[in-house]
Each structure stands twice: as structure tokens, then as C-alpha cells.
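Step one of this worksheet: look at the structure below.
The values are calculated or read from the model by the stated rules, or taken from the named source; none is laboratory data. The structure presented is a predicted model; accordingly, all values stated were derived computationally and were not measured. Don't worry about glycine lacking a Cβ; one is built from the backbone with ideal geometry, like all the others, and counts go over all protein chains shown.
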Amino acid sequence: MGIVRWIGVFCFLFVFSFSFSQSINDIKKKKERTEKEIAYLNKLLKEADKDKSATVEKLTIINQKISKGKEMLQSLRNEAAYLEKLIADNTKIKTRLEHDKQQMLDLYSKMVYETWKKRGKYNHLIYIFSSSSLSQAYARYKYFEQIGDYSKTQIRKIESTNDSLTAVIKDLKVLVNQKNATQSKIAAQNNELLKEQNEANSYISELKKKEKDLSKKLKNEINNRERFNAELKKLIAAQTKKSGSKNSTYKQTPQEQLLSADFEKNKGKLPWPVEQGFISEKFGVNIHPVFKQVKLSNDGITITTSKNAAVRSVFGGVISEIMFIPGYNNVVIIRHGNYLTVYSNLVEVSVKKGDTVKVKQVIGKLAESAKGNSTLNFQVWKDKVKLNPQVWLVPM
């Protein structure tokens, strides 16, 4: 076996070990994060289950669990596929090492046999001393020395190849065990997803039986949203006018211009307005989870979280307004230059208008819903333009 080929095998084993560890760690981190999210959703569902009837809130949490369960399933499938590839690569290396080992054993056996056959034909010393000259005697001596060295080298190569083969076989056993364990997890996750989908379908069927009551609540919710949006737009227009602006752009002070620039630089890096939660309704148009023909418009994102969760500022700024809107409870608006962040459904407010707040400073607590959890409607505006808050927040 050539030295270049040996180097190739050892390089493969090193890179294999490193890349395997690195890739598995990435998959493991993602799975752990998803597991934590699912555990939190189970906590929310347990709180919501205090009301044993089917509710839209429960359905929303179950649908989120299904979404996260699918993410978990995909991670497991990626892991299984990656392990399968490593098993195939390792099997090729194992086959190559076995072939090389057999070749070296055959060559060594042949050499030993040839030496054994010639053992009676001459004595090495007699053969050397029977040389016709000193240079010939030295050449014969070096010949036997090289044979001995070659024999030792072959033994070392065989032992080294055997060690490499043992390591590869050991790695293969680990990989096969991991793959089998992952396949079992995939089967279990598929069963869990099926169970949750059946549960969601059951909730939908039960909720459709309450269509009249739900339609009434839905109509009231839509009216509240329209009132909230109208009040917010009116407030933004009033603040823009008060700033001395003669157009739709808020007139900033030099200090506010710096704050705006800092806010822009942190797009995608802002902390969440609550410590834990999930987006139960996205920015823009959303399909109602029960009545698929109903479309709901959201000027921000709705985050479902634990009951009475603390609400915190996502960036430093000034409290520009606190108001009460039916259906949204207390609404706090923070100005960050020509940017605004809006936090609604607060039952307690711990700041007042004109206060300067820092990033992650608690500004109040959320109202508890009748079903045991809390929801926050969070919005981001630039002047009179509503923005998608999700792209401004750090991925949770």
C-alpha cells in the first residue's frame, strides 16, 4: 500500500470524524431547540385545557405543535440520511482496508515461504563469506539486511492496517446503532403527528358545531381590529403633524435621527417583546383556523405566550403614547426616531408617557385570556408605513 494512499485513508478518517461530529452537533442543537419549543407549547396547551371544551386558542396551539413536529421529523430524516451516507462511505473504506490487508498478508506469506524453502540450501554467513571480494560480501550482507527490514516493514503495515480496520468497524457499529435509534424516533414522531392531526380535526369538528357563536365573536374581533387600526393611524398622523412636518414623514430631531439609524441597523436582531411564545398569527392576511373562507388582516404579529407574561421594549426609545382600546386593553407605543413599536393587550402598564426606556425594559403585563393564556399584538411602523415585525426580531 503506497504512502500516498495511506495518507488518504488517515485524512479521510480525520475529516470523517470531524465532519460527523460537526454535522451531528448541528442537528442535535436544532432538535434540542425544537424540543424546547414543543415543551413550551405543551405547557400552554395544559393551561388552555383548564377549559375542557374545544377552543380556537387550543386549535392554534395544536396547529403550532404540528408545525414544530414536522420540523422535528425533517431533522430526524436529515440525520438518518446523513448517517446512511456515512455508513456507505465507511463501508467502502472498510472494504478497501480489508483488500489491502489481504494483499499484504499474501505477499508476506509468500516471502516467509520462500525463505523457509531456502533454509537448507545455504547458510547466510557461508554465503556472505564465500564472496570473491569485499564489495560482493558487503552487497550480500546488505541484501539479507534489506530482506529483514522489508519483513519488519510489512508486519508494521499489516498491524497498522488492522488497527485502522478495527477503528472503522467500531465507527460503523456506532453509526448503525445511531441510525436504528433515529429510525425508531422517526416512527414515534410520525405516530405523534398523526395523533395531533386527529386531535386538531376533532377540535375543528366541534368548533364548527358552535358556528353561530364563533361567527358572532369573529365579527366583534374584526370590528375591534378596524377600530384599533383607525385609532393608531389617527395617532401616528397627529404625532407627525405635531413634529412640525408638512408631509407624511415624521420630522426628527438630530438625536432621533441617530436613534432611527441604530434601529435600522438592528433589523433581524431585535429581542422578542416577550421571553417565550410563538407567532399565532402572522403579518398580513391570515386564513381563520376553522372558517377557511374567512380572511383576517393583521397589521402586526400576534404572539401567544404564558398568562400575564411581562412585555418588554425591543429597543431603546421614548414612550410616545399609552391608550385604552376596547378589545386590545392598554396599548403602549414607543418611538425610536421615525420608527414606532406598538404593544397591545396590556392589563398592567409600568411606564408613563414621556418615559425613556431601554432595550428589554419591562413596560407592563399582558391580560389573561378567558382560556388561560395571553396574546400580544406587536407592530412596527416607519412613519405611516406598517412593517412586518417578524423580520425585525431575532429568530427564536
Checking residue 272 against (1) under 21 Å from residue 67 (Cα atoms); (2) outside any strand (DSSP E or B); (3) modelled with pLDDT under 95, the condition it does not meet: (3)
Of all residues in region 281-333 being in contact with a Pro (Cβ under 8 Å, 6 or more places away or on another chain) and assigned to a loop (DSSP other than H, G, I, E, B), the one that is nearest to residue 392 (Cα to Cα): 314
Failed criterion for residue 327 (all others in (1) in contact with a helix residue (DSSP H, G or I) (Cβ under 6 Å, 6 or more places away or on another chain); (2) within 20 Å of residue 37 (Cβ to Cβ) hold): (2)
Test: residue 296 is touching a residue at least 40 places away in the same chain (Cβ under 8 Å), surrounded by 14 or more Cβ atoms within 10 Å (Cβ to Cβ), more than 30 Å from residue 202 (Cα to Cα) and in the same structural domain as residue 382 (by TED's automatic domain parsing): no
Failed item in (1) modelled with pLDDT of 95 or more; (2) farther than 17 Å from residue 302 by Cβ; (3) of a type outside the set (D, E, K, R), with residue 395 passing the rest: (1)
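Being assigned by TED's automatic domain parsing to the domain that holds residue 57 and assigned to a helix (DSSP H, G or I) is the requirement here; does residue 230 meet it?
Against the criterion (assigned by TED's automatic domain parsing to the domain that holds residue 57 and assigned to a helix (DSSP H, G or I)), residue 230 does not qualify.
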The listed residue being modelled with pLDDT of 85 or more and touching a helix residue (DSSP H, G or I) at 6+ places or on another chain (Cβ under 6 Å), out of 76, 97, 86: 76
Count - residues of region 344-361 that are out of contact with any Phe, Trp or Tyr (no Cβ under 6 Å at 6 or more places or on another chain) and either in a loop (DSSP other than H, G, I, E, B) or closer than 30 Å to residue 62 by Cβ (or both): 12
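Give 221, 226, 256, 281 a once-over and let me know the one that is under 15 Å from residue 381 (Cβ atoms) and among the acidic types (Asp, Glu).
Residue meeting the stated conditions: 256.
Looking at 218, 259, which is the one that is surrounded by 13 or more Cβ atoms within 10 Å (Cβ to Cβ), out of contact with any Ser or Thr (no Cβ under 7 Å at 6 or more places or on another chain) and over 24 Å from residue 336 (Cα atoms)?
Of 218, 259, the one residue that is surrounded by 13 or more Cβ atoms within 10 Å (Cβ to Cβ), out of contact with any Ser or Thr (no Cβ under 7 Å at 6 or more places or on another chain) and over 24 Å from residue 336 (Cα atoms) is 218.
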Number of the exception - residue 248 against (1) among the small types (Gly, Ala, Ser); (2) part of a helix (DSSP H, G or I); (3) at pLDDT below 90: (2)
Residue in region 376-389 that is under 25 Å from the mean Cα position of the chain (by Cα) and assigned to a helix (DSSP H, G or I) present: yes
Residues within region 20-39 that are in contact with a Phe, Trp or Tyr (Cβ under 8 Å, 6 or more places away or on another chain) and closer than 28 Å to residue 307 by Cα, tallied: 1
Answer residue from region 344-396, given it is of a type in the set (Gly, Ala, Ser) and on the phi > 0 side of the Ramachandran plot and is surrounded by the fewest Cβ atoms within 10 Å (Cβ to Cβ) among those: 354
Filtered residues of region 44-55 (kept if modelled with pLDDT of 90 or more and more than 26 Å from residue 28 (Cβ to Cβ)): none
Looking only at region 308-343, and only at residues there that are farther than 21 Å from residue 243 by Cβ, crowded, with 19+ Cβ neighbours inside 10 Å and over 29 Å from the mean Cα position of the chain (by Cα), the one that is modelled with the highest pLDDT: 330
